[in-house]
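Okay, so here's the structure we're looking at.
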Amino acid sequence: MFMIYEKVKYLEGDECLPISQNAEQWKELATLFEDVIHELNQPVANIGIDASDAIYCLDKGDVEGLRESLDSLRLAVQDLGERIGAYKALTQRSRSEETIRVRDIVDDVEKVLRRRADKAKVKLDIQLSDDNQFNRVLSVKGDPFLFRMAIRNLVHNAIEASNDPSIPPDRRHVIIRGIHSPSEDSQTFPHGSVLIYVRDEGPGIPPKIRKRIFERGFTTKQGGRGLGLGLSLVQSVAESCGGKVGMRDVNPGAEFWLQFPAARHRENHERRYDNEGGRYRR
Amino acid sequence: MKVVVIDDEESLTERLRRSLTRKEHEVEVFYSLKDAREGLEGTEEPMVVLLDHDFGGAGEQDQKGYDLCGWLRETHPFGLLLPIIYLTGRELPDRFLQQQRRDPFVHPTAYLSKDQLASEQDLLPNLLKRYEGQFERIRELFEKQSAQQALIAFRDMEPEDFDTYEVE
């Protein structure tokens, strides 16, 4: 998706990258496709079993059985629709400049990754301070696809890190935290910035490879943490949105952060002043 | 015929249980490799095993369906002749075929991708019908003929989709 776009961009330009330099991109793309296949395989299999079962009941004249199979089929199709809907949101490729609520992006990412997290017995803890001291709903301006891609990759990596067999159950959680930061650099972040932290309590990133984790083609799998989708992709997405990405040392685990220019969300103007609380509230 | 379903995905196992029971199979379901080992310990009756690959949902990240496959081949009297249908999801067929080359006496009898349950709806019923017909023949081979001949019979039970993929 983003990778395809990049690939087309290369091919459209005067210069094509050698295949060897694109190998890592294709590897990441293959991982992404595997991810999609994995998510969709389950409801598709369920639909197949239910449909086959319904035909069997019909042939046998088993009306109760037929009803049961069709009810089950309806649920399986609904499940498939929900999963596709979540991916559809991830694959929109318009280079739009929308003002988007961070909560909407994180909700989309959570929908896509919830099952993976459940399977790995990893709890997703989302803490977005929409009702913050600056009276700002967390919102950013840019292409929703790119924001989703960047956050999704970080959360995916955090889930994978937490899924390490050596991690006990009480450390199997991923915290996704979003805060508004007032402007320190009026040129880069004229309306302040939105900081999104993704933290896990996995094995962490070994100190000797920390400087290289954002390099294209660098894999940390031998270091005990798989970053299969590529932090270089997250970095290029963050930069194309006028933002930054980084990593902070925490113990135990790792915390990655994304910083994007904040946008004044329309909903900010719809807030009303709460006399009792002395703060602006929705 | 007894069918044992071993998968940590409840929505799939319950559907398989309902569908196979309707077709007059005796169905036993296990949601983890540990439960399957405990439940199948000492089992000697003929059965077809439907086995998933990944059991992360059951908290068994360090084990795969292959581990149980090897255990079944060692402990069940049918050994290599026990029909084990491996349910694959995310994984690609060539990875399984490479695994098969590494451990030729552990590998499953057939591979069935979960999407094939939708795209080729006759595949599973046909496989089950085929194994059911072969059980009598296998039993006879065990009772009356040599192990070598039994292994020749096993050759006839190669997965139907093997010829689709080429192993280097």
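Roughly how large is the B-A contact in terms of buried accessible area, totalled over both chains, probe 1.4 Å, nearest 100 Å²?
Roughly 2500 Å².
Could you go through the range A:97-108 in sequence order and give the Karplus-derived ³J(HN,Hα) for each residue, using 6.51 cos²θ - 1.76 cosθ + 1.60 with θ = phi - 60°, rounded to whole Hz, and x for Gly and Pro?
So the J values, rounded to whole Hz, are 10, 8, 8, 10, 6, 4, 4, 5, 5, 5, 4, 4.
Counting only other chains, and only Cβ atoms inside 10 Å, what mean value do you get across the residues of A:158-165?
Average neighbour count from other chains, rounded to a whole number: 1.
To the nearest 10 Å², what's A:Ser166's accessible area with a 1.4 Å probe?
My reading of the accessible area for A:Ser166 is about 80 Å².
What FRET efficiency do you get for A:Leu70 and A:Arg248 if R0 is 35 Å and r is their Cβ-Cβ distance, rounded to the nearest 0.05?
Efficiency for this residue pair is about 0.10.
Given a cut-off of 20 Å, name the pairs among B:Lys34/B:Lys64; A:Lys121/B:Lys2; A:Lys121/B:Lys34; A:Lys141/A:Lys211 whose C-alpha atoms lie farther apart than that in the structure shown.
A:Lys121/B:Lys2; A:Lys141/A:Lys211
Report the FRET efficiency, 1/(1 + (r/R0)^6), for B:Arg102 and A:Ser166, where r is their Cβ-Cβ distance and R0 is 30 Å, rounded to 0.05.
Efficiency, from the Cβ-Cβ distance: 0.70.
Using a 10 Å cut-off on Cβ to Cβ distances, tally the other chain neighbours for every residue of B:105-117 and report the average as a whole number.
That works out to 3 on average.
Within 10 Å of each Cβ in peptide A:74-81, how many partner chain Cβ atoms are there on average? Round it to a whole number, please.
1
Would you mind putting A:253-263, A:65-75 in packing order, based on average other-beta-carbon counts within 10 Å, highest first?
A:253-263, A:65-75
Mind listing the long-range amide H neighbours of B:Val5? Cut-off is under 5 Å, sequence gap 5 or more, other chains count too, H placed in the peptide plane at 1.01 Å from N.
For B:Val5, whose amide H was placed from the backbone, the distant partners under 5 Å are B:Glu28, B:Val29, B:Phe30, B:Leu50.
The values are calculated or read from the model by the stated rules, or taken from the named source; none is laboratory data. Fair warning: this is a prediction, and the values are worked out from it, not measured in the lab. We place every Cβ from the backbone using ideal geometry, glycine too, and count neighbours over all the protein chains shown. Surface accessibility is based on the protein's heavy atoms, side chains included, excluding ligands, DNA and RNA. Shrake-Rupley method; radii C 1.70, N 1.55, O 1.52, S 1.80 Å.
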